[in-house]
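Enquirer: Can you read through this structure? Questions will come right after.
The values are calculated or read from the model by the stated rules, or taken from the named source; none is laboratory data. The structure presented is a predicted model; accordingly, all values stated were derived computationally and were not measured. A quick note on method: Cβ atoms are made from the backbone with ideal geometry, for glycine too, and the neighbour counts reach across all protein chains shown. Remember, those area values only see protein heavy atoms, side chains included, never the ligands or the DNA or RNA. Shrake-Rupley method; radii C 1.70, N 1.55, O 1.52, S 1.80 Å.
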Amino acid sequence: VDEACIARPASAAPKERIVLYEFEACPFCRRVREALSQLDLTVEVRPCPKDAVKHRAEVEAMGGKLTFPFLVDPNTDAGKGGMYESEDICRYLYDTYGNGAEFPEGIVSTTVLTGWMPTLLRAGRGMTRYANAATHRKKDDPIEPLTLYNYEGNQFARLAREALCELELPYVLFNCGKGSPRRATLTEVAGEGASVPYLV
């Protein structure tokens with residue numbers, strides 16, 4: 001977690017939950033998750049794997065095209081209409097919630113290593129909706145999001161995110177990376193010695 005974000009006053013945090021539409025195998029989506037982890041922000045993730053039955057339609061209705069990531073921030077005029085392009089999203093998040101932190105260019109420049117390599121090594125897991133994923137809910141039925149305690153870069157958390165993506169299950173991504181004061185929340189929920197990933 002960026003030190004400036006550890007010191008971020010509560011008044012500067014998002015009042016309403018940011019929503020991220022993405023899919024785990026997308027290296028550009030990883031850029032955004034990495035920025036969110038470093039900024040110590042919680043967001044709702046609405047997975048959009050190939051063959052998704054719900055969330056991709058939401059993106060197309062709001063933004064007019066099916067490219068990812070797509071971020072909606074109801075807290076600002078710039079963000080409430082939704083935005084595409086991972087670099088633009090990352091810079092927006094740092095400008096808005098970084099508490100003066102300098103934008104880490106490595107988030108953009110290392111995508112080949114940090115984004116593409118894990119996807120290749122995992123043979124595209126987290127890209128396509130699982131064929132046997134439950135379809136008993138109606139398309140417009142709301143699904144209460146799960147909560148995943150996580151930080152980007154944890155290989156075990158990735159496995160959990162892949163499964164959630166392939167099942168197209170929305171979840172609250174509760175980032176609690178190294179140095180985050182929010183790790184205390186994980187301890188409160190899961191007990192002393194708890195680690196990520198932890199799913200509620």
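Enquirer: Restricting the search to region 53-68, which residues are under 11 Å from E22 (Cα atoms) and of a type in the set (A, V, I, L, M)? Break it down stepwise before answering.
Expert: As a first pass, look at region 53-68 and keep what is under 11 Å from E22 (Cα atoms): 55-56, 59, 66-68.
Selection gives V59, L66.
Enquirer: Right, here's the next one. Would you check if there is a residue in region 174-188 being in contact with a Pro (Cβ under 7 Å, 6 or more places away or on another chain) and assigned to a helix (DSSP H, G or I)? Steps first, answer last, please.
Expert: We begin by selecting, within region 174-188, every residue in contact with a Pro (Cβ under 7 Å, 6 or more places away or on another chain); these are none.
No, the conditions are met nowhere in region 174-188.
Enquirer: Looking only at region 32-58, count how many residues are more than 13 Å from F70 (Cβ to Cβ) and hydrophobic (A, V, I, L, M, F, W, C). I'd like the intermediate steps shown before the answer.
Expert: To start, the set of residues in region 32-58 that are more than 13 Å from F70 (Cβ to Cβ) comprises 33-42, 49-51, 53-54.
Add one more test, that the residue is hydrophobic (A, V, I, L, M, F, W, C), and what stays is 35-36, 39, 41, 53.
Total satisfying the criteria: 5.
Enquirer: Tell me, which residue of region 109-138 that is in a helix (DSSP H, G or I) and open to solvent by less than 100 Å² (accessible area, probe 1.4 Å) is modelled with the highest pLDDT?
Expert: Taking region 109-138 first, the residues in a helix (DSSP H, G or I) are 109, 111-121.
Now drop any that are not open to solvent by less than 100 Å² (accessible area, probe 1.4 Å), which leaves 109, 111, 114-115, 117-119.
On the way: S109: 85, T111: 75, T114: 70, G115: 66, M117: 70, P118: 71, T119: 68.
Residue satisfying both the conditions and the ranking: S109.
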